[in-house]
1. Is there any pair linking a residue in the range 219-235 that is closer than 19 Å to Ala27 by Cα and in contact (Cβ under 8 Å) with a residue 24 or more places away in the chain to one that is assigned to a helix (DSSP H, G or I) and of a type in the set (Lys, Arg), with Cβ under 9 Å and at least six apart or on different chains, and which?
2. Would you mention how many residues in the range 173-229 are among the polar types (S, T, N, Q) and assigned to a helix (DSSP H, G or I)?
3. Within the range 84-94, is there a residue that is surrounded by fewer than 17 Cβ atoms within 10 Å (Cβ to Cβ) and assigned to a helix (DSSP H, G or I)?
4. Among the residues of the range 238-247, which ones are among the aliphatic types (A, V, I, L, M) and either modelled with pLDDT of 90 or more or outside any helix (DSSP H, G or I) (or both)?
5. Between Leu257, Leu250, Leu264, which is within 30 Å of Ser16 (Cβ to Cβ) and outside any helix (DSSP H, G or I)?
6. Looking only at residues in the range 97-144 that are in a helix (DSSP H, G or I) and of a type in the set (Lys, Arg), which one is surrounded by the fewest Cβ atoms within 10 Å (Cβ to Cβ)?
7. Is one or more of the residues making up the range 211-234 surrounded by 24 or more Cβ atoms within 10 Å (Cβ to Cβ) and either at pLDDT below 90 or among the acidic types (Asp, Glu) (or both)?
8. Out of everything in the range 58-83 that is among the small types (Gly, Ala, Ser) and outside any helix (DSSP H, G or I), what residue ends up being modelled with the highest pLDDT?
Amino acid sequence: MPSLSATARPETGFASAFAALCLGAVAMGISPIFVRFASADMAGTPADVGPFASAFWRVSLCLPLLYAWMRIEEKRATADAPKIPFSKASIVAGIVFAGDLFFWHLAILKTTVANATFFATMAPLFVVLVVWLVLRQRVSRGTFLGLALCLLGGAALIGQSLQANPGRILGDLYGVATAFFFGMYFLAASRARKTAGAARVTFEAGLITSAILLVVALLFDTRVIPQTGQGIAALLAMSYVSHAGGQGLLSIALGRLPAVFSSLVIFLEAIAAALFGWAILGEALTPVQSLGGALILFGIWVARPRTETGAG
């Protein structure tokens, strides 16, 4: 069986799928800033909505746009294009993405942004382990090396801001849980893309995620409806940029690229978060962080899909 990271690259579409993946990672990389603006002001004082409500609005506000995209995509598709509605994989993708956002929004508010981002970037580790140990599919040495380089790069990029605070351990664990559920989302969405287009997978998974998070928000949040201009703007930006943009582009890429390789590219989220922190919050970028970013880029290059003639 060929390794997942060494599967043949399609002759057409690889460059556009890789570009979509990179742009999706950048769009998702700014989400922590939107979460903070939506759920708390810069001093940490509760502002507009609770963490679960912000997760619900993140997914639900852009559902009309995703539905319109799905209708346009399927209208333009060929008659034999797969479009199975609500496949098991799409349903699972929606459930595990609800878990991802549930723990991600908790982590951002219960620990530092640096800690939450670092632990959340461990998602590719779970993808590789599940594919290798559970699904029993071969993973190439290049993938393992690329994963190691990306993890090392992520630690260097964010490590200086990490805080070992006993009071934030629970938040750090939420970050690890985020990584696990996001990793499972990669695998489920990749499977769903075999029987449906990117727009349908993104819309259907988002619909299921929204339903779950609405129930959670009504049960556990005291602030569900946004009241301030800052909160509404942050939620709209998070929904249309980080979800519709980020998840939509990710779904496009997962239809053409291996899930394992795609998960590694999401390490670009850490680079994007550092750059947005520098540009928006005035946080300094150190030489060590720059080295970390370079290691992530090198790790992605090492783990890139090969042609069959170059596969080992």
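1. Within 9 Å, the pairs are Ala234/Arg36; Leu235/Arg58.
2. Selection size over the range 173-229: 5.
3. Looking through the range 84-94, at least one residue is surrounded by fewer than 17 Cβ atoms within 10 Å (Cβ to Cβ) and assigned to a helix (DSSP H, G or I).
4. Passing the criteria: Val241, Ala244.
5. Step by step, each of Leu257, Leu250, Leu264 is checked, and only Leu257 is within 30 Å of Ser16 (Cβ to Cβ) and outside any helix (DSSP H, G or I).
6. By that ranking, first place goes to Arg141.
7. So far as the range 211-234 goes, yes, one or more of its residues are surrounded by 24 or more Cβ atoms within 10 Å (Cβ to Cβ) and either at pLDDT below 90 or among the acidic types (Asp, Glu) (or both).
8. Ala77
The values are calculated or read from the model by the stated rules, or taken from the named source; none is laboratory data. Because the structure is predicted, anything quoted here is derived from the model rather than measured. With ideal geometry, Cβ positions are generated from the backbone for all residues, glycine too; neighbour counts draw on all protein chains shown.
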